[in-house]
Amino acid sequence: MEDPCKIGLRGLIPSLHTPFLDNNDLDQGSIKKIIDHVIRNNCAGMLIGAVAGEGESLSIDEKNRFFNLASEYNNNKIPIIISCTAKKQSDRLKIAKIALESGVDWMLCQIPDFDNVENLVSKLMEIEQIGPKYLMLQDLSWDDNGIDISIIKHLFKKIKKFKSLKIEVINSGEKYSKVLKETKGKLHVSGGWAIIEMIDALDRGVHGLMPSTLEEVFVKIYNLYINDQKKEAISLFNKLLPILRFTHQHLNISIHFAKLLRVRENIFSSSHSRLPKESLKDFPLQEAKIILKK
């Protein structure tokens, strides 16, 4: 049976953390190392500058330097998705232009706040006109089911570059199935924060999975699953559950733990983060150290 989705991003597409030096500058050496790591582990692509990458903390100039360095160093080996999410439409447009000029094919944008559907369509059309040839929308909500399916269907018809939806909402599994059904499988669907439900996502037909660490293991699980070794895939996935439960306590815990892990892997030179220090004062460091030793 022919696959109705023509987008080739199949498998692991990690949302990368942004490496910083201890003086708070971008760590260019570590940026190159994390790109090498992702390519070496046969990932289908990578997302940069998004929530896991502390995108809100990056200035427009830093994004320009980061995205151009990543694109040039990657040299079209695997797709890069650049996040143009921002609080202001003017900034979204600036970043979309940077993404285009960097030479990547993909941009991601968290669905902006909107007064009505046509207002949303207008904003996305502006981004579409300026940015690269493919748009991934991020349906993100920490406390509800996100954007209504009827709106997603409407955007899929109206926004020509809208080819992929990253779903990160309460009860993501149910939404994966509904979106795939309502778009007749034509819209590429990926899951991010709900990686703890990876096997269920694959059962439902999700195309891409977007964790932020442990690429080697996640790729192995994915390959086992698609090669009809589901029992083995589940067994290996279950070994990750203590880490996933720990990191899914809070987004800031996830980011800080991941940076500690990247240092341990000799990929990042520092675990420095721009997260507010107040948000890390209760970070369970001792438990993190025990997990990192395993």
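The values are calculated or read from the model by the stated rules, or taken from the named source; none is laboratory data. Worth saying up front: this structure is predicted, and the values here are computed from it rather than measured. Glycine also receives a Cβ, built like all others from the backbone with ideal geometry; neighbour counts cover every protein chain displayed. Heads up: the accessible areas ignore ligands, DNA and RNA and are worked out on the full protein's heavy atoms, side chains in. Shrake-Rupley method; radii C 1.70, N 1.55, O 1.52, S 1.80 Å.
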* Net charge of Cβ neighbours under 14 Å - reference Val263; Lys, Arg +1; Asp, Glu -1 -> +3
* **Average accessible surface area per residue within the stretch 170-294, 1.4 Å rolling probe, Å²** => 50 Å²
* Counting Lys +1, Arg +1, Asp -1, Glu -1, what net charge surrounds Gln89 among other residues with beta carbon under 14 Å of its beta carbon? -> +1
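Roughly how many percent of the accessible protein surface of the stretch 147-277 is carbon and sulfur, given a 1.4 Å probe and a whole-percent answer?
On the way: 3050 of 5930 Å².
Taking all protein chains in place, the stretch 147-277 shows 51 percent carbon and sulfur surface.
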* Cα centre as origin, Lys/Arg/Asp/Glu Cβ charges: the stretch 28-128 dipole, Debye -> 380 debye
* Structure fact -> Given unit charges at Cβ for Lys, Arg (+) and Asp, Glu (-), the dipole magnitude of the chain about its Cα centre in debye, nearest 20, is 540 debye
* Asked: How many angstrom separate the Cα center of the stretch 100-164 from the Cα center of the stretch 22-74?
  -> 22 Å
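Which entries in the list Lys6/Lys166; Lys87/Lys123; Lys32/Lys163; Lys32/Lys277; Lys33/Lys289; Lys63/Lys123 go over 19 Å, if you measure between the two C-alpha atoms of each?
In this structure, Lys32/Lys163; Lys32/Lys277; Lys33/Lys289; Lys63/Lys123 exceed 19 Å between Cα atoms.
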* Based on DSSP H runs of at least 4 residues, each adding -39500 (n - 2.57), what is the mean residue ellipticity at 222 nm of the chain after dividing by all its residues, to the nearest 500 deg cm²/dmol? -> -14000 deg cm²/dmol
* Using θ = phi - 60° and the Karplus form 6.51 cos²θ - 1.76 cosθ + 1.60, what ³J(HN,Hα) does each residue of the stretch 205-215 get, whole Hz, x for Gly and Pro? -> x, 4, 8, x, 10, 10, x, 10, 8, 6, 4
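For every other residue with a beta carbon closer than 10 angstrom to the beta carbon of Lys133, add +1 if it is Lys or Arg and -1 if Asp or Glu, then tell me the sum. Don't jump to the answer; show the numbers that get you there.
Numbers: positive: Lys160, Lys161, Lys163; negative: Asp105, Glu128.
Residues close to Lys133 contribute a combined charge of +1.
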* Accessible surface, per residue, of the stretch 1-144 when the full set of protein chains is kept, probe 1.4 Å, Å² -> 45 Å²
* Which far-off residues, 5 or more places away or on another chain, put their amide H under 5 Å from the one on Gly11, with H placed in the peptide plane? -> Gly208, Leu209
* To do: Rank these by accessible area, largest first, 1.4 Å probe: His17, His256, His154.
  => His154, His256, His17
* To do: For the chain, state what percent of all Cα-Cα pairs lands in each successive 5 Å bin, counting from 0 Å until the bin that includes the largest distance.
  => 1, 5, 12, 16, 19, 18, 14, 9, 4, 1, 0
* To do: Calculate how large, on average over all directions, the projected area of the Cα convex hull of the stretch 102-160 is; give the answer in nm² to one decimal.
  => 4.4 nm²
* In the chain, what % of DSSP beta bridges are antiparallel (nearest 5)? -> 5 percent
* Asked: Using the alpha-carbon centroid of each, what span in Å lies between the stretch 184-203 and the stretch 245-294?
  -> 25 Å
